[in-house]
Amino acid sequence: MHTEVRDVVKRPPLAASFDTIVISFFLQRDLAPAISTALRPGGRLFYQTFTREGALAESPGNPAFKLENNELLSMFPDLRLRYYREDGAVDGGSGCKGIALLVGELAAD
């Protein structure tokens with residue numbers, strides 16, 4: 001097993017090079033295609049970041065670094081959706097107010 005922490009802006013991942021990708025509180029929309037293609041067949045993407053609606057105090061001040069409603073769903077169209085949650089202004093006791101979470105899987109060959 002190999003684990004790697006990398007600056008994906010400086011070094012985007014190579015195609016079919018990861019079984020699992022975890023992205024937490026980072027948003028650079030133009031990297032979405034490279035992230036999708038970096039998954040091997042059957043690979044999973046775990047992605048969470050801030051939304052504009054219901055933004056937490058810790059969220060970035062610049063709205064360009066926050067997701068629009070349901071935007072995360074459209075960023076990875078090649079992945080099979082396994083889990084999605086976007087609470088916006090409603091917390092519901094989960095602590096996820098202002099955060100979108102997605103788990104997507106690249107179809108196995």
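The values are calculated or read from the model by the stated rules, or taken from the named source; none is laboratory data. From a predicted model like this one, the values you see are computed outputs, not experimental measurements. Quick reminder, even Gly has a Cβ in these numbers, built from the backbone with ideal geometry, and neighbours come from all protein chains shown. Surface areas here come from the heavy atoms of the whole protein model, side chains and all, with no ligands, DNA or RNA. Shrake-Rupley method; radii C 1.70, N 1.55, O 1.52, S 1.80 Å.
By accessible area, using a 1.4 Å probe on protein heavy atoms only, the chain has 55% of its surface on carbon and sulfur. Taking a point 7 Å from the Cα of residue 73 along the Cα-to-Cβ direction, the residues of region 26-52 with backbone N closer than 19 Å to it are 45-52. So, taking all protein chains as they sit and a 1.4 Å probe, how much accessible area belongs to residue 52, in Å² rounded to tens? So the heavy atoms of residue 52 present about 100 Å² to solvent.
Considering only 72, 39, 81, the mean-square fluctuation computed in a Gaussian network model of the chain, springs between alpha carbons under 10 angstrom, is largest for 81. Within the assembled protein chains, the solvent-accessible surface assigned to residue 78 is about 110 Å², based on a 1.4 Å probe.
Between the labelled values (1) 20, 16, 14; (2) 25, 15, 12; (3) 23, 17, 12, the entry that holds semi-axes √(5λ) of the Cα gyration tensor in Å as derived from this structure is (2). Solvent exposure of the chain, expressed per residue, is 59 Å² of accessible area, with all protein chains present and a 1.4 angstrom probe. Over the residues of the chain, the helix contribution to mean residue ellipticity at 222 nm works out to -2000 deg cm²/dmol, using -39500 (n - 2.57) for each DSSP H run of at least 4. Extension gain, residue 84 to residue 29: 0.36 nm times the residue separation minus the Cα-Cα distance gives 18.0 nm.
Across the alpha-carbon set of region 11-52, the Rg to Rh ratio works out to 0.97, Rh being the Kirkwood radius.
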